[in-house]
């Protein structure tokens, strides 16, 4: 058996924990060499360290390191083991810790960090030569061609269910035979609602995704359809298909994860149960498949699936994403940065749900986001300016 040597960044988040579950459920397929986390879920990280016994653990918060040491000792003791019998990993802590871990010699680095903070880890992984299993779409969005230039052919393997589906369907023909990509969306918890109905949306309602169990940022991005907008940009960057040939359709049942239409009229759809362990497992083992990741679709039972045009009011964020994608340069970074600020403000009660739409659009339209991104410093400068602009607009609304 080919045991894949892997590093998991963002191991305590939703995707990271599901990746650990894939490793646990398929002994011998993977060896986890490194774990990286921000430091917000020390107990989860401690359990992972004791279970997986990685060689290196990176934690972004230096202040949380003593607590992590204590938590690991507690887990070992609770299992009736002597701490001396436990093979402790090397610990890295601080702002550069995750980036250093991404450079570790291995077969695959899974970047499951949430948000723009994952950019440095993405670049470090690509520059080290490791295969990047990418669940952190934001780093590709904001870096754009600056990131893709760093990657050799096939070095980036998508982990998002939609882009994993596209990658699988694209095996069915040559690039020259592709007519368009069709990305599916459940429509989130507010599918079909009009703007007036969304005026008093609560954080709990926005987090209640009808199909997927995800972290808070991704869940809210799904509720606003920002996530689908980011996926359109990601699809263009990953597969080189023009924006005019990338469409989004609503598929509430979430069994068809995306489709590729070829020039002869054939459409190939990737179909599977809505379970993130499937694209995670495939991303870690690409291009091979692992047997028995999840039970397949029960074809002995009747199924009724629907596909609908993207025509509700929430599609405005998808249209805006397409606009910034076509502008290129720094524009997608502005869109993403403004959205991250707005999501944080919504969760903290400083911005209503509809305010996310308004502020992100204002930041994009008021900026001049056509600056070419040539260096990491360019990205960080654009990010910072967009965040300041978003904060100022939010503060004006509060005053």
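The values are calculated or read from the model by the stated rules, or taken from the named source; none is laboratory data. Every value quoted in this text rests on a predicted model; they were computed, and no experiment measured them. Cβ sites come from the backbone with ideal geometry, for glycine too, and all protein chains shown count toward neighbours.
Observations on the structure shown:
- Total residues in region 273-299, condition farther than 20 Å from residue 31 by Cβ and either exposed (fewer than 11 other Cβ atoms within 10 Å of the Cβ) or more than 17 Å from the chain's Cα centre (by Cα) (or both): 7
- Positions within region 176-187 being at pLDDT 95 or above and closer than 16 Å to residue 275 by Cβ, in sequence order: 184
- The set of residues in region 156-175 that are more than 26 Å from residue 274 (Cα to Cα) and in contact (Cβ under 8 Å) with a residue 24 or more places away in the chain contains only 175.
- Residues that are closer than 18 Å to residue 101 by Cα and either surrounded by fewer than 22 Cβ atoms within 10 Å (Cβ to Cβ) or touching a residue at least 40 places away in the same chain (Cβ under 8 Å) (or both) within region 1-14 comprise 4, 5, 6, 7, 8, 9, 10, 11, 13, listed in sequence order.
- Filtered by the rule that a residue be at pLDDT 85 or above and within 24 Å of the chain's Cα centre (by Cα), region 363-381 gives 363, 364, 381.
- All of (1) under 30 Å from residue 152 (Cβ atoms); (2) outside any strand (DSSP E or B) hold for residue 260 with one exception: (2).
- Out of 32, 72, sole residue that is assigned by TED's automatic domain parsing to the domain that holds residue 113, buried (at least 17 other Cβ atoms within 10 Å of the Cβ) and more than 25 Å from residue 135 (Cβ to Cβ): 72
- Test: residue in region 189-203 that is in contact with a strand residue (DSSP E or B) (Cβ under 7 Å, 6 or more places away or on another chain), closer than 22 Å to residue 341 by Cβ and in contact (Cβ under 8 Å) with a residue 24 or more places away in the chain: no
- Some residue of region 325-345 being buried (at least 17 other Cβ atoms within 10 Å of the Cβ), touching a strand residue (DSSP E or B) at 6+ places or on another chain (Cβ under 7 Å) and under 16 Å from residue 228 (Cα atoms): no
Table: residues versus (1) within 30 Å of residue 279 (Cα to Cα); (2) in contact (Cβ under 8 Å) with a residue 40 or more places away in the chain.
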site: 27; (1), (2): yes, no
site: 33; (1), (2): yes, yes
site: 36; (1), (2): yes, yes
site: 51; (1), (2): yes, no
site: 56; (1), (2): yes, yes
site: 70; (1), (2): no, no
site: 73; (1), (2): no, no
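- Output for region 37-70, where each listed residue is touching a helix residue (DSSP H, G or I) at 6+ places or on another chain (Cβ under 8 Å) and either in a strand (DSSP E or B) or farther than 28 Å from residue 4 by Cβ (or both): 37, 56, 57, 58, 59, 64, 67
- Cβ-Cβ under 8 Å pairs, at least 6 apart or on other chains, region 243-254 side at pLDDT 95 or above, far side surrounded by fewer than 16 Cβ atoms within 10 Å (Cβ to Cβ) and in a helix (DSSP H, G or I): 243/326
- Those residues of region 211-253 which are more than 14 Å from residue 180 (Cα to Cα) and more than 18 Å from the chain's Cα centre (by Cα), in sequence order: 250, 251, 252, 253
- Criterion applied to 347, 318, 360, 324 was being touching a residue at least 60 places away in the same chain (Cβ under 8 Å), within 24 Å of the chain's Cα centre (by Cα) and farther than 25 Å from residue 236 by Cα, and the one residue passing it is 347.
- Residues considered: 170, 132. Of these, the only one that is under 21 Å from residue 11 (Cα atoms) and modelled with pLDDT of 95 or more is 132.
- Strands (runs of 3 or more DSSP E) wholly inside region 86-189 that include at least 2 residues being surrounded by fewer than 21 Cβ atoms within 10 Å (Cβ to Cβ) and on the phi < 0 side of the Ramachandran plot: 90-93, 178-185
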